[in-house]
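The structure appears right after this line, and notes come after that.
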């Protein structure tokens, strides 16, 4: 859902100061519709925005509306249907919608050329009765209308208001006459006729890669539960895309669409906060404008295959093509070809990759953060017991790169999982930690929760030596969380998000300067990104493979681990995402966001071996 009433208000309490807006010059709107050419000869023009009412995206929409105006007045109508309408909130909703209307009109005035003036009118379409009264849609039927802007809120509510109403008919006619359609957040979601209507129940990004986690309103259901009837047939939009970690949601949605439409799925198009993209004629995506970027998820170009595995039905997919769009990109929704500054980029084959191997002497687990429970620690206990000559007297060392509390928490999990032997703990900087001998143990857990704290430990030569000895000499080693990241070739000590900054940190992870990489132990020849689904660090996963296109990125969900042994790598519980950038073209946009053409993504579920 869009979340106009909560998310936008919250954003006014938190600044977005780290994100520089793109310059608005060179957007390419000049001349569109400015000649005497009939508007009906032009392609439809729709501009989904991933969220917010930032000046950079409002002014981009305004420039598009200005380009449509054939007289001195630029006429824009604002539609607030995503707000809904229970009576006690109607006056408040109308007041907020009027404020938004004023903001849209002001953005138009700010960029209008001499001789042009802007008007913004609010269409009172807050409930079904409003939408069924033709008089309430009079402004939308005005032949001089140049733009329609749909506010954020709840896309399901919006379509319950608008579907099969005179208001929707008026909007349809206006867009086909040439009016540009814009919308933010929920107002973007409704711009695809097959519409994402949020998560199911209490699911969220953590469950995004599971079948049925997304509430979909499909275009071919034969009912009114859909997006706008004139919305995109070739794209399914998702919004707040980077900042809310919604890659998993779109991957599972497009996999389901592939089944529903007989192997001819639409393109998943995710647009981030304070960013917009333009869809011309449901053929070309272009003109990414704003503080961040957009992404396409394509199951057809490389012949992606998929199934659902495990009791929780995690997505297992091979050869999904992903592009990260920035300014300078054009994407053809029919041919699914991407250009950068006019040149085709990202034509890749999805060639096979070799399974990443572990150089550890015994069994190695790398985890995405498993203190929440699940099957990983019981699996570690089983392997440790098998490695011990006498499990009742077996020994496990918990080597904490974090705090004594972290070590104790893992110790408790070992006991609950049934470890019958001894458990010793050593915490960096505490007591006689430096004198432990990992070689004396049947299993060693190298653990951390806080990346900055882990960076201090792994920056210490003695602690690194203890970890190295464990990797080289211990029968079973489990590295979890930031310690799992350290086991790879590079890792980041950036702090994990908290309840107040999830969105800011998730969006920042797509900036190429965010990770501030440290060299890892290199025990696994890949970049390992833990807590992919719960920390919303998809951007870090893609940045990792952009840094070294010769290596894969392994995104491990919380509650999940990869078990390396004898040349194999197997998923234990949950989901793992493999990002392959070997043949991709990558670049840095003018706002510092990663751009990429031809990333290939594979997803794996419980019990699956990592291979393509």
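The values are calculated or read from the model by the stated rules, or taken from the named source; none is laboratory data. Here the structure is a predicted model, which means the values were calculated and not measured. FYI the Cβ positions are ideal-geometry reconstructions off the backbone, even for glycines, and counts take in every protein chain you see.
In the stretch 323-352, what count of residues is obtained for those that are farther than 27 Å from residue 590 by Cβ and buried (at least 17 other Cβ atoms within 10 Å of the Cβ)? Full working, then the answer.
Of all residues in the stretch 323-352, those farther than 27 Å from residue 590 by Cβ come to 334, 349-352.
Going one step further and asking which of them are buried (at least 17 other Cβ atoms within 10 Å of the Cβ), we end up with 350.
Number of matching residues: 1.
In the stretch 529-544, the residues that are under 14 Å from residue 516 (Cα atoms) reach residues that are assigned to a helix (DSSP H, G or I) with C-beta atoms within less than 6 angstrom, at least six apart or across chains, in these pairs: 529/540; 529/541.
Answer yes or no as to whether residue 172 is surrounded by fewer than 24 Cβ atoms within 10 Å (Cβ to Cβ) and in contact (Cβ under 8 Å) with a residue 12 or more places away in the chain. For residue 172, the condition - surrounded by fewer than 24 Cβ atoms within 10 Å (Cβ to Cβ) and in contact (Cβ under 8 Å) with a residue 12 or more places away in the chain - is met. Scanning the stretch 566-590 for residues that are outside any strand (DSSP E or B) and surrounded by fewer than 23 Cβ atoms within 10 Å (Cβ to Cβ) returns 566, 567, 582, 583, 589, 590.
The residues in the stretch 405-439 that are assigned to a loop (DSSP other than H, G, I, E, B) and within 34 Å of the chain's Cα centre (by Cα) can be counted, and the count is 1. Can you pull out every residue in the stretch 136-161 that is under 23 Å from residue 95 (Cβ atoms), buried (at least 24 other Cβ atoms within 10 Å of the Cβ) and in contact with a strand residue (DSSP E or B) (Cβ under 8 Å, 6 or more places away or on another chain)? Hits for the stretch 136-161 are 140, 147, 148, 149, 150, 151, 152, 155, 158.
Right, residue 107: more than 21 Å from residue 161 (Cα to Cα), modelled with pLDDT of 95 or more, surrounded by fewer than 20 Cβ atoms within 10 Å (Cβ to Cβ) and under 32 Å from the mean Cα position of the chain (by Cα) or not? Spelling it out, it is not the case that residue 107 is more than 21 Å from residue 161 (Cα to Cα), modelled with pLDDT of 95 or more, surrounded by fewer than 20 Cβ atoms within 10 Å (Cβ to Cβ) and under 32 Å from the mean Cα position of the chain (by Cα).
From 320, 288, which residue is within 26 Å of residue 612 (Cβ to Cβ), in contact with a strand residue (DSSP E or B) (Cβ under 7 Å, 6 or more places away or on another chain) and surrounded by 24 or more Cβ atoms within 10 Å (Cβ to Cβ)?
On the way: 288 fails: within 26 Å of residue 612 (Cβ to Cβ).
Within the list 320, 288, the selection yields 320.
Within the group 121, 90, 100, which residue is more than 25 Å from residue 284 (Cα to Cα), outside any strand (DSSP E or B) and over 27 Å from the mean Cα position of the chain (by Cα)? Answer to the selection: 90.
Kindly indicate whether any position in the stretch 408-416 is within 30 Å of residue 287 (Cβ to Cβ) and modelled with pLDDT of 95 or more. Write out each step before concluding.
Taking the stretch 408-416 as the starting set, the residues that turn out to be within 30 Å of residue 287 (Cβ to Cβ) are none.
Within the stretch 408-416, none of the residues are within 30 Å of residue 287 (Cβ to Cβ) and modelled with pLDDT of 95 or more.
Of the residues in the stretch 583-602, at least one is closer than 18 Å to residue 309 by Cβ and outside the structural domain of residue 209 (by TED's automatic domain parsing).
Could you go through the stretch 110-119 and let me know if any residue there is free of Cβ contacts under 8 Å to residues at least 12 places away in the same chain and either over 30 Å from residue 576 (Cα atoms) or in the same structural domain as residue 63 (by TED's automatic domain parsing) (or both). Yes, because at least one residue in the stretch 110-119 is free of Cβ contacts under 8 Å to residues at least 12 places away in the same chain and either over 30 Å from residue 576 (Cα atoms) or in the same structural domain as residue 63 (by TED's automatic domain parsing) (or both).
Let's see how each residue does on (1) closer than 28 Å to residue 560 by Cα; (2) touching a strand residue (DSSP E or B) at 6+ places or on another chain (Cβ under 9 Å); (3) assigned to a loop (DSSP other than H, G, I, E, B):
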{"residue": "183", "(1), (2), (3)": "no, yes, no"}
{"residue": "188", "(1), (2), (3)": "no, yes, no"}
{"residue": "197", "(1), (2), (3)": "yes, yes, no"}
{"residue": "202", "(1), (2), (3)": "yes, no, yes"}
{"residue": "206", "(1), (2), (3)": "yes, no, no"}
{"residue": "216", "(1), (2), (3)": "yes, yes, no"}
{"residue": "220", "(1), (2), (3)": "no, no, yes"}
{"residue": "223", "(1), (2), (3)": "no, yes, yes"}
{"residue": "227", "(1), (2), (3)": "no, yes, yes"}
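Going residue by residue through the stretch 233-246, is there one that turns out to be modelled with pLDDT of 95 or more, surrounded by fewer than 22 Cβ atoms within 10 Å (Cβ to Cβ) and either on the phi > 0 side of the Ramachandran plot or in contact with a helix residue (DSSP H, G or I) (Cβ under 7 Å, 6 or more places away or on another chain) (or both)? Checking the stretch 233-246: not a single residue is modelled with pLDDT of 95 or more, surrounded by fewer than 22 Cβ atoms within 10 Å (Cβ to Cβ) and either on the phi > 0 side of the Ramachandran plot or in contact with a helix residue (DSSP H, G or I) (Cβ under 7 Å, 6 or more places away or on another chain) (or both).
Kindly indicate whether residue 227 is within 23 Å of residue 54 (Cα to Cα) and either surrounded by fewer than 24 Cβ atoms within 10 Å (Cβ to Cβ) or in contact (Cβ under 8 Å) with a residue 60 or more places away in the chain (or both). Outline the logic, then answer.
Numbers: within 23 Å of residue 54 (Cα to Cα): no; either surrounded by fewer than 24 Cβ atoms within 10 Å (Cβ to Cβ) or in contact (Cβ under 8 Å) with a residue 60 or more places away in the chain (or both): yes.
Judged against the criteria, residue 227 is not a match.
If you go through the stretch 456-475 and keep only what is buried (at least 21 other Cβ atoms within 10 Å of the Cβ) and more than 16 Å from residue 435 (Cβ to Cβ), you end up with 458, 471, 474.
Has the stretch 514-532 got any residue that is buried (at least 24 other Cβ atoms within 10 Å of the Cβ) and under 22 Å from residue 437 (Cα atoms)? Within the stretch 514-532, one or more residues are buried (at least 24 other Cβ atoms within 10 Å of the Cβ) and under 22 Å from residue 437 (Cα atoms). The number of residues in the stretch 247-285 that are buried (at least 24 other Cβ atoms within 10 Å of the Cβ) and in a loop (DSSP other than H, G, I, E, B) comes to 4.
Residues in the stretch 169-177: is at least one under 32 Å from the mean Cα position of the chain (by Cα) and part of a loop (DSSP other than H, G, I, E, B)? Walk me through how you get there before you give the answer.
Taking the stretch 169-177 first, the residues under 32 Å from the mean Cα position of the chain (by Cα) are 171-172, 175-176.
Next, from what is left, pick out any that are part of a loop (DSSP other than H, G, I, E, B): none.
Looking through the stretch 169-177, none of the residues is under 32 Å from the mean Cα position of the chain (by Cα) and part of a loop (DSSP other than H, G, I, E, B).
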